[in-house]
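Chemist: So that we are looking at the same thing, I have put the structure below in structure tokens.
The values are calculated or read from the model by the stated rules, or taken from the named source; none is laboratory data. Bear in mind that the values here come from a model prediction, so they are computed numbers and not experimental data. Quick reminder, even Gly has a Cβ in these numbers, built from the backbone with ideal geometry, and neighbours come from all protein chains shown. To get the accessible areas, we keep the full protein, side chains included, count just its heavy atoms, and leave off ligands, DNA and RNA. Shrake-Rupley method; radii C 1.70, N 1.55, O 1.52, S 1.80 Å.
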Amino acid sequence: SDDWIEPEMYEKMYQKAKENIGKSKEIEELNNKKWKEFNIKKIFDFVNRGKRLKKSDHKLGKIPYVSSTMMNNGVDNFISNKEGKRFNNCITIANSGSVGASFYHQYEFIGSDHITSLKNDKFNKYIYLFLTTIVSRIGDKYSFNREINDFRISKEKILLPVDENDNPDYEYM
């Protein structure tokens, strides 16, 4: 069977788990954390809108094309186009359509003009996943008739847990 794991693998897994026992620290409850508002441009170094690429211009391929759909992590198609704005390791927020739908993408993709990319090169996967949930709350203020434009997103604030110096507590995230 393909599911068979050699006994040596179990031993290695056991040793690794044993080494990590006691290394983890107690995590403070979310509702016990102090929270503070931050402008989105203070959290993300890069806030960039994608670029329009008409459906009729899509060439089938393997590069994810992210748009404003709420399905499939925002991936609307797989294309091979050379043109288009490319992003990776960031959060996207839908500006129209499924306004506010937010997803983390750790892979390279081409973004439509219906999404805005939010990126900070200092963030890891876990910070991005935490922030994705927070960022999606922005969508509560908007609708199909009141889209998120570049001006509006630059004024947006998000609520984040803070450390003892009132800075975003990225270690906690």
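Chemist: Got a number for carbon plus sulfur as a percent of segment 53-126's accessible area, 1.4 Å probe?
Modeler: Reported share for carbon and sulfur atoms: 53 percent.
Chemist: So which aspartates and glutamates pass the test for K33, namely a Cα distance under 12 Å, with those fewer than 8 places away in the same chain ruled out?
Modeler: Within the straight-line limit of under 12 Å, K33 reaches these aspartates and glutamates: D163, E164, D166, D169.
Chemist: Something else about it: Between [x] 23, 17, 17; [y] 33, 26, 13; [z] 26, 21, 15, which matches semi-axes √(5λ) of the Cα gyration tensor in Å calculated for the structure shown?
Modeler: Working out semi-axes √(5λ) of the Cα gyration tensor in Å from the coordinates points to [y].
Chemist: Determine the per residue accessible area of the chain with all protein chains present and a 1.4 angstrom probe, expressed in square angstrom.
Modeler: 66 Å²
Chemist: Here's a follow-up. Ranked from highest to lowest mean number of other Cβ atoms within 10 Å per residue, what is the order of the peptides 103-111, 33-41, 72-80?
Modeler: With the highest mean Cβ count within 10 Å placed first, the list reads 103-111, 72-80, 33-41.
Chemist: Report the equivalent ellipsoid semi-axes for segment 65-120 in whole Å, largest first, defined as the square roots of five times the eigenvalues of the gyration tensor built from alpha carbon atoms.
Modeler: That gives 15, 13, 10 Å for the three semi-axes.
Chemist: So if I place +1 on the C-beta of Lys and Arg and -1 on the C-beta of Asp and Glu, and nothing else carries charge, what would the dipole magnitude of the chain be about its Cα centre? I want it in debye, nearest 20.
Modeler: It comes to approximately 1020 debye.
Chemist: Place a label point 7 angstrom from the Cα of S56 along the Cα-to-Cβ direction, then list the residues of segment 62-82 whose backbone nitrogen is under 20 Å away.
Modeler: Answer for segment 62-82: 77-82.
Chemist: Please give every one of the aspartates and glutamates within straight-line cross-link reach of K54, meaning a C-alpha to C-alpha distance under 15 Å, and leave out same-chain neighbours fewer than 8 residues apart.
Modeler: Output for K54: D76, E83, D113.
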